[in-house]
Structures are given as structure tokens and as C-alpha cells.
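Beneath this line is the structure, given in C-alpha cells, with notes to follow.
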Amino acid sequence: MEEKKSRRKLPSLLRWVLWVILVQFILINISAAFYAYRLTHFYNDPSLHNNSPSGNIFTKTWKLFTGPKLPKSQLTEQPAFVYDTVDLNTTNGILIKAWYAKTDSVAKGTVLLFHGVMSNKGQLLAEANEFHYQGYNIMLLDLRAHGKSDGATTTMGVRETEEVKLAYDYIRAKGEKRIFLWGISMGAVVITKALHDYSIQPAGVILELPFSSLQSHLKARARVLGFPQQPFAFLVTGWIGIERGFNGYKHKTKRYAKAISCPVLVQYGAKDSYVLKKEIDEVYTSIFSNQKKLVGYENAGHESLLQNDPTKWQTEVGKFLNGE
């Protein structure tokens, strides 16, 4: 009799365990879907820049489950040099705002600058000033959903490649033949993918702190926040792709790098918590061009390498631009 009861209890216990697993799977995916939306959607709400954490345990739990609301980056800095404001329009009508400035001397070429996620062109003024000082015309853009450009959603470098093409074509139309592309973090990823997607032939590209894939970038976010890297990165990558209309697992900088045939300078921070050295190595190794150089900054994290070590940056970038 007791043996029959234990037999009945076993299937019942198994069903209960399976239900718990199913509920957890559903909840994890709901949370991942929320995070995917929040990480790629920016709110035009200035109060979010000073959003202090609530002491309410229920609010904290909800934010942990759904992810934080992210504010659209605010453009607070203006160039000290004379510039023109340029308006570019994507094929689906997104207005892209840019600054274009000519050097006072005979220009050696033009450098296009692209920022990272949650940043804007105003935060690239240090680099822009250096390129300008070295005798280059410069153009800085706010990628879609950043700074003064229209839009509220980012695709983490997938569709932003159109901005690279628009800027490149704008400068080419001026008769410029020596065009260099410089980008940091997502900006470096956008440049790499643009060379993969379009027939762009720049004189050279400078890639600083590029993540190797969308999933590796999300692993880094989880690592910095103290979350388990998996299944967070895997699930959020999938949901970002579903919500934004692309395959998130194929968004890999190391795959796009195979299309780069021009000279390349790749720079990284040895103390970068968001982009590990092995990711940099993956991207660098994948670059098709045999005219490439890898430079590390021992004391730099995920930050402006110029501001971390001005002398080294000026030397390495100067040599690259001069074809040394």
C-alpha cells in the first residue's frame, strides 16, 4: 500500500518541479524582453539623468526585473572652433544632426567621428580638436536616438551604418578624396559594419574599444552590474533582435572586420571592463587588411584614450594619419 502511495507521489512531485521550471523560464524571458526594450529605447526625460534610486523595496525589485529607464543623451557642449550644422536624412526619415568644420590651413583630408552608445557628438570634441589641429577637416554626428538627432531607439550599431554612409557621401560630394573614419565603442562597431555593408573606401579607419559582438557587449553589462553573464546575455541578445527586427546573434564586429581592406589602427584600454582584450584580439585578427596596427593603453578603461594618455594618442594617431 505504501509502495503505491510513493509511486503516486513521484509523478506529482515531478509535475510540480516541471511547473516551477516552466514558470521560471517564462519569467526569465519576460524580464529579458523588458531589458532588451529598455537597453535600446531612450526617453527624452531630463529628470532621468538625476534619477536617484528609490528606497522602496517593491520599486527596486521592479527595476531589477525590468531594467532601468535610460535617458536620451543631452548635448551640453559646443565646439570652440567655427562650424556649420549639417542635416542628413535616413531613408526612413530620421533626421541626423552633424557638425562640419574646415581647418584654417590647407586640409590634409577629412575625419568623420562616431560616438558610442548613450553618448553624443559633444563628447568627441577633444578628439575633434586634435584632428583639427593636425590639419584635417572634421565632421561629427549624433547617431540616431542620440544628442540632437531624431529617434528614440538604437540598434546597437546594426542600422546606424546608414549614418556612416550618409556622412561619407556628403564629404565625397565636396570632392574630398582622403576620408578617415574614427569611432569609439559602438561608433567603432558602426564603422566596421558600414565597410561591410556599403562600398565605402576610406583612406583609413581608427577603431577604439570595439566590442566583438552584441552578446559579448551584453555579457559585459551583466558583469559590471553583478548579474550572471548567462543566460542574461543570450536571452537579451535574442529579444533585442526580435524587438528591433534583426538577428542579434549575427551582430558580430569580428565578422564585419573581414571586409576591411584599408589601413586600420585599433586601440584599446588594458583595464577596460566592458571590452576585454580577447575581444579586441578577435576583432583585430579578423581584419582583412595587412596594413593594421594594434595599440594598447595600460592605464585606460572604457574611456577616451586621448584624455587618458594624450601624448601616446597624439603620437600613434599622427603616425597613422601620415601613413607611417
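Look at the dipole of the chain built from charges on Cβ: of S213, V317, V295, the Cα furthest out on the positive end belongs to S213. About the centre of its Cα atoms, the chain shows a dipole size close to 1560 debye [charges on the beta carbon of Lys, Arg (+1) and Asp, Glu (-1) only; nearest 20 debye].
Pairs of Cα atoms under 8 Å, at least six residues apart: use those to get the relative contact order of the chain, whole percent. Dividing the mean separation by the residue count of the chain yields 13 percent. Among (i) 43, 35, 23; (ii) 36, 23, 18; (iii) 43, 22, 18, which one is semi-axes √(5λ) of the Cα gyration tensor in Å computed from these coordinates? The value computed from this structure is option (iii). Were the residues from T285 through A270 laid out at 0.36 nm apart, the gain over their Cα-Cα distance would be 3.7 nm. Structure remark: mean-square fluctuation, Gaussian network model of the chain, C-alpha springs under 10 Å; the largest value among D272, D104, D142 belongs to D104. Our estimate of slack between T153 and A173, defined as 0.36 nm per intervening residue step minus the Cα-Cα distance, is 4.3 nm.
Largest mean-square fluctuation among T253, T76, T237, in a Gaussian network model of the chain whose springs join Cα atoms under 10 Å apart, belongs to T76. Size descriptors for segment 83-212 (Cα atoms only): Rg and Dmax, in that order, 13.2, 39 Å.
Computed from label points 7 Å out along Cα-Cβ, the spacing between D45 and E324 is 5.1 nm.
Which one, H115, L265, H41, is farthest towards the positive end of the dipole of the chain when Lys and Arg carry +1 and Asp and Glu -1 on their Cβ? About the Cα centre, the residue reaching furthest to the positive side is H41. Counting only alpha carbon atoms, the long axis of helix 214-225 and the longest principal axis of the chain meet at about 70°. Helix 161-172 and the longest principal axis of the Cα set of the chain meet at an angle near 10°. In this Cβ point-charge picture (+1 for Lys and Arg, -1 for Asp and Glu), segment 109-235 has a dipole of about 160 debye about its Cα centre. Segment 122-143 and segment 283-321 have Cα centres lying 16 Å from one another. With both labels modelled 7 Å from their Cα along Cα-to-Cβ, the E298 to I30 distance reads 5.2 nm.
Estimate the FRET efficiency between A80 and S199 by the formula 1/(1 + (r/R0)^6), using the beta-carbon distance for r and 45 Å for R0, to the nearest 0.05. Efficiency for this residue pair is about 0.80. Compared with the dominant Cα axis of the chain, that is its longest principal axis, helix 186-197 is turned about 80°.
With each label modelled as a point 7 angstrom along the Cα→C-beta vector, the N129-L225 pair spans 3.5 nm. Helix content alone sets the calculated 222 nm mean residue ellipticity of the chain: runs of n ≥ 4 DSSP H residues at -39500 (n - 2.57) each, divided across all residues, give -13500 deg cm²/dmol. When the listed pairs K148/K293; K278/K312; K177/K312 are checked against a 31 Å cut-off, the alpha-carbon distance exceeds it for K148/K293.
Read-outs: derived from the displayed coordinates by stated rules, not from any lab. None of the values given here were measured: they were computed from a predicted structure. Please note: Cβ atoms are built from the backbone with ideal geometry, for glycine as well, and neighbour counts cover all protein chains shown.
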